[in-house]
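Participant: What follows is a structure written as structure tokens; I'll ask about it next.
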Amino acid sequence: MATTNGTQTDLRARRTGELVKDLSSQVSRLVRQEIELAKTEVSEKGKKAGAGAGMFGGAGVAGLLMLGSLTATLIIALAIVLPAWASALIVTALWGAIAGLLALQGRNKMREMGKPVPEMTVETVKEDVQWLKNRR
């Protein structure tokens, strides 16, 4: 049973044109709702991706520091007790380890986010399709 203008009528008694119009309206509304859900999901996943990307940025900065003045200072300080080449190698390994740790943390943040697919939307669309199939 469906209501039209406040009264109940049998769907079989309604005109095909009316039924098609109602179906079209309901499908349009459903599609708009699914699009809104997808937007919300993608926005949330984007925020999580930003944290992971920030970690990758930190790893890049740490990698650039290998060429900076702090690197030169550490090499010179170690060169007091070691040969200069050994001092340079130790400082390079230190910065490489820091960059590696930041990259691993960034990768883990990106994995936490999961697939960049609006999973809830996909699931509800599947449910909608199944519901439509069962209505036949």
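All of the numbers you see were taken from the coordinates with simple rules; none came from a lab. The structure displayed is predicted, hence computed values, not measured ones. Positions of Cβ are backbone-derived with ideal geometry, glycine not excepted, and every protein chain shown enters the neighbour counts.
Participant: For the chain, with only Lys/Arg (+1) and Asp/Glu (-1) charged at the beta-carbon, what is the dipole magnitude about the Cα centre, in debye rounded to 20?
Facilitator: So the dipole magnitude of the chain works out to roughly 440 debye.
Participant: Right, here's the next one. Fewest first, what order do Lys21, Lys47 take by the number of other Cβ atoms within 10 Å?
Facilitator: Going from sparsest to densest Cβ surroundings: Lys47, Lys21.
Participant: Can you order the peptides 23-29, 88-94 by their average number of other Cβ atoms within 10 Å per residue, highest first?
Facilitator: Top of the packing list down: 88-94, 23-29.
Participant: Using alpha-carbon pairs under 8 Å, 6+ residues apart, how would you state the relative contact order of the chain in percent?
Facilitator: Relative CO of the chain lands at 32 percent.
Participant: Ranked highest first by average number of other Cβ atoms within 10 Å, how do 98-105, 78-85 line up?
Facilitator: Listed from highest to lowest mean packing, they are 98-105, 78-85.
Participant: Can you spot the lysines whose alpha carbon is less than 17 Å from Lys115's alpha carbon? Ignore those fewer than 8 places along the same chain.
Facilitator: Lys115 reaches Lys39, Lys45, Lys47, Lys48.
Participant: Rounded to the nearest 500, what is the 222 nm mean residue ellipticity of the chain from helices alone, with -39500 (n - 2.57) per DSSP H run of 4+ residues and division by all residues?
Facilitator: So the helix-based figure for the chain works out to -28000 deg cm²/dmol.
Participant: At a 10 Å Cβ-Cβ cut-off, how would you order Lys39, Lys133, fewest neighbours first?
Facilitator: With the fewest neighbours first, Lys39, Lys133 line up as Lys133, Lys39.
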